[in-house]
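Heads up: the structure comes next, in structure tokens.
Rule-based calculations on the coordinates, nothing more; no lab input. These numbers were taken from a predicted model, which means no experiment stands behind them. Reconstructed Cβ throughout: ideal geometry from the backbone, glycine too, with neighbour counts over all protein chains shown.
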Amino acid sequence: MRESAVTYNRLPAPELYPILGIMRASDLLHPRPEGLYCPPGDFFIDPVRPVNRALITHGHSDHARSGHRSVLATQQTLDIMGLRYGENFADTTQAAQLGETIVLDGVSISFHPAGHVLGSAQIAVEHQGTRIVASGDYKRQKDATCAPFEPIQCDVFITEATFGLPVFRHPPDTEEIARLLKSAAQFPERSHLVGAYALGKAQRVMRLLRDAGYDRPIYIHGALERLSEYYQTQGIDLGTLEPATVEGGKQDFAGAVVVGPPSAFADRWARRFPDPISCFASGWMRIRQRAKQGGVELPLIISDHADWDELTATIKETGAEEIWVTHGREEALVRWCELEGIAARPLHLVGYEDEGD
Amino acid sequence: MNRFAELLDRLVLTPSRNGKLTLLTDYFRSVGDPDRGLALAAITGDLNIAAVKPAMLRTLVTERMDPVLFGYSYDYVGDLAETVSLVWPQTPGNIPNREPTLGEVVAKLQAASRSDGPKVLAGLLDSAGISARFAIIKLVTGGLRIGVSARLAKQALADFGKVDVTEIEELWHGLSPPYTALFAWLEGKAEKPRNSAMALFRPVMLSNPVGDGDLEKLDPADYAAEWKWDGIRVQAVAEGGIRRLYSRTGDDVSGAFPDLAGAMDFSATLDGELLVGDPRQATGTFSDLQQRLNRKTVTPKLQQQYPAFMRCYDVLQIGDEDLRALPFRERRGRLETFVGTLDPSRFDLSPFVDFADWQALEELRRAPPHPIIEGVMLKRWDSPYVAGRPKGPWFKWKRDPHTVDAVLMYAQRGHGKRSSFYSDYTFGVWSGGEGEEELVPVGKAYFGFTDEELKQIDKYVRDNTVERFGPVRSVRADRDNGLVLEVAFEGLNRSTRHKSGVAMRFPRISRLRWDKPANEADRIETLQALLDR
């Protein structure tokens, strides 16, 4: 597993671990086809196939799937899974309090906020003196719709790398929302369709609009309805939301801001809006060609993932001596770690959507 | 700088013409001098920054970051200017309290010498944010590629000042950045700028197509007819030693036609068609002409192989005498005498087409004597030369378009109002021997159908999708399945870019042939025969 070229590691040589009673990190967590597996604790983190015991970082569908026997996650993540899959998405569930330690077969587990979406958590796994933190997806930018990321000291930090290239630098989200509002003022006869993922991004965009003083009703696609309601019950005020259904004809939506899942805007659903300007709230919008290919007229660079600067700053903050890089552009982040003298390797996990943001 | 950067970002992603005009007029309204004028110059290609070269960029950036990480980044983004703007390391101590204005950036770049160019550029990039860095790099590399032509920018000026675009075009070549006097006039704060420059463009007179029933109301005796040559419309202006060839919209194209400009040893303004060949012997085809188009410079070999000449059909000015108010009959008389004094290998007269009545002309129109004729022009004998497109004095009566039955192969989602519709269609015709027929794409069209037909095709595309590639779907198209489209087009060029070897000019969907089986669509040989004519 360990590449011999990596000499920066300050831990004792791995072959000494059994003698010293230290757990080798790769014996504590390693990839399997089902997902990231912990043999001593007999559980998976964010498994992509049904398993006996699953720990779930957050409610996005590529991380949180239905059909596991038991699921351990934050209460909000469990609620969101219930909304998406129905109450019987798993045989048994257990809610993890943030910061609280739970012991599974001698392995200590704790959940810590990841700042990704409502309920999202990093999972710290500790056994025989070795602590690994699996970040799940995370970001560092302020977000009024979820608890902020907390850096956790650890030996190994498993980081996501969705935007793991130096080109990805997310601007402040308030600037992006200001551009949306400016465009809405510039083109009052057109509607602005904001494509945003149904869990997290959509609610964040709505909340940002409210924080910017936008007080007109926001029209939403049906796919956003239940999750947005749930956010409101969790104390996140999104203001007046109305279904984007046709009643009085197209003029209803002149000057309106409509939020829906990106896929809906390519669909026949979008035909009800007058001369719409398609906007897409995503970190991918940093790259012009991505926006152009998708027919996006107003890209909004709003991401729920860490950008390059956040990724590299977080790696340093965790104090981890070894970094495992997963889903995304692993090679650039591994290269950066090498230049910084931090041991790093890609962790090839299957089944996560590279495009997710 | 940020306002300009934002304008570029919006323009490049806004497909609709009206949307672009709104963005531009808003910018002109809300940004002061000299920034708006410099932005205008950048868009129209009239801003020159000599000392800073694009090749410096890569060196500058790899001096500042790990070349491997830069390589990964460039591979991913694919565009050097964009990559550099994104990865340029921001040194916290270097950021000034405010970003530089466009005026300051341009001043610094233009003042830079060849030796301190890289340092000046790096300093500017240090002081700017991501969007502004991209804009600075675009200024340096030239060619903004934001989908805004000089013509559109002039239209935006006209909208902004509520004047006719021909007024802008007429003034344009006498003005220079940052166009302060022009903006002052457009805002009603000053008189219209007086143009003292030489060899200016005069807005051209345009024709209307002959519509149904138009001719019945007209007396053939009131009109002269000429062949409609399928070259490019040019205006040749020579005055006070300055010689210029202008396109229909007032763009200076002299640089691409030094051979023709070299023969303009006169003082006059002529209107005509630019063609290639030797007018005394043979006129080249459109494919020949294409060899000379869209080039900034041209080699001697090309000039020799495809010499440019002008087929003159009007004269606007001779010496100091403005002839535009004279009737066409008189201008034509003056033109004939004048062209007689010019180099006959570079200038000739557009000949009249004799006809007794509309029926006779119709027959001539249908069967023109030369492949580069695309119809006839009708001009009222008594018409003065008026800028724009007045209805009545000039008509164009085009040859009927060619049509071909092709099979729909790919469909792409449209933009704006059409963003939920598959509205851009790539179609093909059959090639290959019996039993081995396959479709080769021959063109792409996105108009010609009604809204109702668009809905029908959209449904067909969704129901018959084979594969998806982003916004593009490939549609089931084989011998037994497929939607046949009757495609109309104006002409065919040889193409080395397309697998089929042909490229259509101005293709559009003329009819949906729901009734026609796919295997009865046309074959590539039908198109090749058109090429060889």
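What order, most packed first, do the peptides B:153-160, A:297-304 have when packing is the mean number of other Cβ atoms within 10 Å of each residue?
A:297-304, B:153-160
Find the all-direction average of the projected area of the Cα convex hull for the range B:429-468, expressing the result in square nanometres with one decimal place.
Orientation-averaged projected area of the Cα hull: 4.1 nm².
Within the range B:402-532, count lysine pairs with alpha carbon atoms under 23 angstrom apart where the residues are 8 or more positions apart or belong to different chains.
Step by step, the pairs that qualify in the range B:402-532 add up to 9.
Take the Cα pairs of the range B:189-259, get the Kirkwood Rh, then feed it into Stokes-Einstein at 4 °C and 1.567 mPa s and tell me D in µm²/s.
Estimated via Stokes-Einstein, D reaches 82 µm²/s.
Taking one equal scatterer on every alpha-carbon of the range B:439-533, how large is log10 of I(q)/I(0) by Debye at q = 0.25 1/Å?
Computed log10 I(q)/I(0) values: -1.51.
Give the share of C-alpha pairs in each 5 angstrom bin for the range B:74-183, from 0 to the last occupied bin, in whole percents, shortest bins first.
Pairs per bin, as whole percents: 2, 10, 17, 17, 16, 14, 11, 8, 4, 1, 0.
Scan around B:GLY491 for amide H atoms under 5 Å from its own, H built in the peptide plane at 1.01 Å from N, and keep only partners 5 or more places away or cross-chain.
Here B:ARG505 satisfy the definition.
Give me the angle, in degrees from 0 to 90, between the Cα long axis of helix A:173-186 and the longest principal axis of the Cα atoms of chain A, rounded to the nearest 10.
Long axis of A:173-186 versus the principal axis of chain A: about 20 degrees.
Each residue of the range B:231-240 in turn: what ³J(HN,Hα) in whole Hz from Karplus with 6.51, -1.76, 1.60 and θ = phi - 60°, glycine and Pro shown as x?
Computed from phi, the couplings for the range B:231-240 are x, 10, 5, 9, 10, 9, 10, 10, 7, x Hz.
Applying a 10 Å radius around every beta-carbon, put B:332-341, B:375-384 in order of their mean neighbour count, most first.
B:375-384, B:332-341
P(r) for the range B:208-398, please, calculated from all Cα pair distances in 10 Å bins and given in %.
Distribution as computed: 9, 36, 36, 17, 3, 0 percent.
Using only the Cα atoms of the range B:2-141, each taken as one equal point scatterer with no solvent, compute I(q) by the Debye sum, divide by I(0), and report log10 of the ratio at q = 0.10 Å⁻¹.
Calculated log10 I(q)/I(0) at the listed q: -0.34.
Kindly state, as a whole number, the per residue volume in cubic angstrom of the convex hull around the alpha carbon atoms of the range A:173-300.
98
Please express the shape of the range B:243-328 as an equivalent ellipsoid: the semi-axes are the square roots of 5 times the eigenvalues of the C-alpha gyration tensor, given largest first in whole angstrom.
Ellipsoid semi-axes (Å, largest first): 24, 14, 12.
Would you kindly work out the equivalent ellipsoid of the range B:227-273 from its C-alpha gyration tensor and give its semi-axes, the square roots of five times the eigenvalues, largest first in whole Å?
18, 11, 10
In nm², what is the average projected area of the convex hull enclosing the Cα atoms of the range B:350-417?
Over every viewing direction, the Cα hull of the range B:350-417 projects on average to 9.0 nm².
How big is the convex hull of the Cα atoms of the range B:306-367, per residue, in Å³?
Details: hull volume 7.6 nm³, N = 62.
It is 123 Å³ per residue.
Other chains near A:293-306: what is the mean number of their Cβ atoms within 10 Å of each residue's Cβ? Before the final figure, lay out each step's value.
On the way: counts 4, 5, 12, 3, 10, 4, 3, 0, 1, 0, 0, 0, 0, 0.
That works out to 3 on average.
Which value, in nm² and rounded to one decimal, describes the direction-averaged projected area of the C-alpha convex hull of chain B?
Over every viewing direction, the Cα hull of chain B projects on average to 30.1 nm².
Between their Cα atoms, which of A:LYS139/A:LYS201; A:LYS201/A:LYS316; B:LYS154/B:LYS192; B:LYS53/B:LYS119; B:LYS20/B:LYS154; A:LYS292/B:LYS20 are more than 19 Å away from each other?
Flagged as over cut-off: A:LYS201/A:LYS316.
Can you give the Kirkwood hydrodynamic radius of chain A from its Cα pairs, in Å with one decimal? List each step's numbers first, then the result.
Details: mean 1/r = 0.0470 Å⁻¹.
Result for chain A stands at 21.3 Å.
Which value results for Rg/Rh of the protein assembly as shown when Rg is the Cα radius of gyration and Rh the Kirkwood radius based on the inverse mean 1/r?
1.04
Starting with the fewest neighbours, write out B:GLU467, B:GLU437, A:GLU322 ranked by other beta-carbon atoms found within 10 Å of each beta-carbon. The partial results should precede the final answer.
Numbers: B:GLU467 9, B:GLU437 14, A:GLU322 23.
Ordered by Cβ neighbours within 10 Å, fewest first: B:GLU467, B:GLU437, A:GLU322.
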